[in-house]
């Protein structure tokens, strides 16, 4: 295995290792954070809506009929007078009237439920950013030093190793490489989630939906929010990994890098088109010619001494049509891999003859 192939293999191994670490650490933490926030919001929903049926010993269907019906829409006396009359007469119908009027007043003040929800989402956003800060800082530092180490295993560094400065790492994390940095995207996502939750809850309550139905609607929206947060983590992790890689490549004195797409059927069209292309280090730009090129991107880069495509020797890891790992020539581009191992419109021998 030559030096460039060694580097490429190690880059792919680190990408996979950190992807698994993401799943087992920060993504699990985010999932718990969202579950906790969901539980608190659902508790507020029950307090606002479900208790009415329980306190009045009604089914949710009967409770909805009362709350949505034409009865009990006008306060015929003050709250104190209602209470005094109920104590005096023990009139169950009067008690139900009071509870219905009170509940309608609470439903008309949905801004409280919404404000409680916003408080939970604000805490959710702060926790998410804190978790991502810690995780991505570790990811950058680990990939930077391992990148330099891997280079040093195969050839001498032209320059001495420069320590990853905390200010430089902070700059990497705060760079809006795709228009917004991840903290801005977290707040954008939570703000959007808050608006969707408000719309869902207001509409559901006015339709007279059950507590269970409202809770399910909220849970579905929270699941979308969790998925958005997970996608953001994975995309930012890919950005940090490749930024650390390009920094270590530049630090070693290499002038070029090779774009490496994952050889499986999940790979996007845009990453397929860049696979095995070689670019100058000084022209590297995340989102353009360096991963990530899209959300959930899995592509990586490796250092190169040569500015030409298809010069690497040895092998690289790919997957066959059944998803099993195989070794293919290192200089084989994505489209050729797909033709040989997935579509089977060409054989390896035919490809080798055409090189």
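Values in this text are rule-based calculations from the coordinates and carry no lab data. No experiment lies behind these values; they were computed from the predicted model shown. For neighbour counting, all protein chains shown are included, and Cβ atoms are generated from backbone atoms with ideal geometry for every residue, glycine included.
Once the C-beta distance of residue 25 and residue 255 is scaled by a Förster radius of 30 Å, the resulting FRET efficiency is 0.25 to the nearest 0.05. Under the simplified labelling scheme, the residue 320-residue 202 pair shows an inter-label distance of 5.8 nm, with each label point 7 Å from Cα along Cα→Cβ. Counted residue by residue at 0.36 nm each, then reduced by the alpha carbon distance between them, the extension gain from residue 296 to residue 35 reaches 91.7 nm. Packing-based ranking of 321-334, 7-20 yields 7-20, 321-334, ordered from highest to lowest mean Cβ neighbour count within 10 Å.
Subtracting the Cα-Cα distance of residue 134 and residue 213 from 0.36 nm times their residue separation leaves 24.7 nm of extension gain. Please work out the C-alpha center-to-center distance from the stretch 181-197 to the stretch 4-49 and express it in whole Å. Cα centroid of the stretch 181-197 versus Cα centroid of the stretch 4-49: 17 Å apart. Summary of packing: across the peptides 124-132, 346-354, the per-residue average of other C-beta atoms within 10 Å ranks them, highest first, as 124-132, 346-354. Full extension of the segment from residue 90 to residue 285, taken as 0.36 nm per residue of separation minus the current Cα-Cα distance, would add 62.6 nm. By definition, a body whose alpha carbon gyration tensor gives a ≥ b ≥ c is oblate when a/c is 1.5 or more and a/b is not larger than b/c, and the stretch 256-354 fits this oblate description.
Which order do the peptides 211-223, 288-300 take when ranked by the mean count of other beta-carbon atoms within 10 Å per residue, highest first?
Details: 211-223: 17.5, 288-300: 19.4.
The most tightly packed comes first, giving 288-300, 211-223.
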